[in-house]
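**Q** This is the structure I have questions about; it appears just below.
The values are calculated or read from the model by the stated rules, or taken from the named source; none is laboratory data. None of these values were measured; they are calculated from a predicted model. Every residue, glycine as well, gets a Cβ built from its backbone with ideal geometry; the counts of neighbours run over all protein chains shown. Side chains are part of the model used for accessible areas, which takes the heavy atoms of the whole protein and leaves out ligands, DNA and RNA. Shrake-Rupley method; radii C 1.70, N 1.55, O 1.52, S 1.80 Å.
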Amino acid sequence: MSDGPVIDAQVHAYERDRPERPWLGFLHGPEEVTGDDMVAAMDEVGVDGALLVSPFSMYRYDASYALEVHARHAGRFGLIKPFDPGAEDVAEQVEEWARRDGTVGARIMLRDPFSVTAEDPGLNRILAAGAKTGIPVNVLCWGNAPLLGGLAVRNPDTRIVLDHLGLRQPFEPPPPDDPFGDLPKVVALAEYDNVAIKITGACTLSHEPFPFADIWEPLKRIFDAFGIERCLWGTDWTRAVNLVTYAEGVDAFRVTDVLSRSDRAALMGGNVARIYDWRPVR
């Protein structure tokens, strides 16, 4: 009997830097991880589908490569792209994106989450457009989890998904000395019913080798606070490439005895399918 699809809540794909589609920044990882490469990695470890997030580090607000990947592998990826809260027409951009085939969500990237407040008009325009179109809005604001609480209060009809546990995560070894030090601020967000949380990149916070035994006590606190139904497993591949392998990021959640069979099925796919209203087709 199948437990349902295995869906990674966040992966990235990108071409090597070239004049036709130049990189605008730098992403830690291989020189390229194409859509074909990502599908091959997923197939090797039995991941049925993934949310393909257009990588801000390289392409900023241009999701053209993600759209090309989806055209080639339509059944395997739901698409998410970041939006510029400083753009006056950002609400219209989100609405246009939501109408595209294969798109499942929007993203806000706050590289300095302390430089804005929950009253920021651009952030709230994106979130309001998410409510209007029915697509979740993913928010990267690691280091300032309370900001998300303020946004959730102002946008109660928007499904908001906190990226990467709301915790700062490394791009290179070693992990932070106290990677879960801000956990109380993250757990406090569970009071907002419209907030879900991505358990993405969790293995990169471990000070131990696979299967990363030291992450489970803090993760259990998140599961208990939010309820497993608001938690979404994912690898954050390829950002995590210098700390864990893709297989380790998947298998750590398969082998742990912290999760029951039903919780594992919900965390590793069922919740993504429900919250983003998307299921992969292999």
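**Q** Please state which one of Ala252, Ala247, Ala213, Ala265 is at pLDDT 95 or above, within 30 Å of Thr133 (Cβ to Cβ) and among the aliphatic types (A, V, I, L, M).
**A** Going through Ala252, Ala247, Ala213, Ala265 in turn, the sole match is Ala265.
**Q** State all residues of the range 121-156 that are charged (D, E, K, R) and within 17 Å of Glu191 (Cβ to Cβ); if no residue qualifies, say none.
**A** Arg154
**Q** Just the residues that are open to solvent by 70 Å² or more (accessible area, probe 1.4 Å) and free of Cβ contacts under 8 Å to residues at least 40 places away in the same chain, please, taken from the range 148-179.
**A** If the condition is that a residue be open to solvent by 70 Å² or more (accessible area, probe 1.4 Å) and free of Cβ contacts under 8 Å to residues at least 40 places away in the same chain, then Val153, Arg154, Pro156, Asp157, Arg168, Pro174, Asp177, Asp178 are the ones that fit.
**Q** Looking at this structure, is Gly130 part of a strand (DSSP E or B), under 20 Å from Ala9 (Cα atoms), among the small types (Gly, Ala, Ser) and touching a residue at least 24 places away in the same chain (Cβ under 8 Å)?
**A** no
This table checks each residue for (1) open to solvent by less than 10 Å² (accessible area, probe 1.4 Å); (2) touching a residue at least 24 places away in the same chain (Cβ under 8 Å); (3) within 19 Å of Gly35 (Cα to Cα).
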{"position": "Thr204", "(1), (2), (3)": "yes, yes, no"}
{"position": "Pro209", "(1), (2), (3)": "no, no, no"}
{"position": "Glu217", "(1), (2), (3)": "no, no, no"}
{"position": "Arg221", "(1), (2), (3)": "no, yes, no"}
{"position": "Arg239", "(1), (2), (3)": "yes, yes, yes"}
{"position": "Glu248", "(1), (2), (3)": "no, yes, no"}
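**Q** Still on this model: Taking only pairs six or more apart or across chains, which ones have beta-carbon atoms under 7 Å, a first residue in the range 250-268 that is closer than 25 Å to Thr238 by Cα, and a second residue that is small (Gly, Ala, Ser) and in a helix (DSSP H, G or I)?
**A** Every condition considered, no pair remains.
**Q** Would you confirm whether any residue within the range 90-107 is farther than 21 Å from Val139 by Cα, touching a residue at least 12 places away in the same chain (Cβ under 8 Å), part of a helix (DSSP H, G or I) and out of contact with any Cys (no Cβ under 8 Å at 6 or more places or on another chain)?
**A** no
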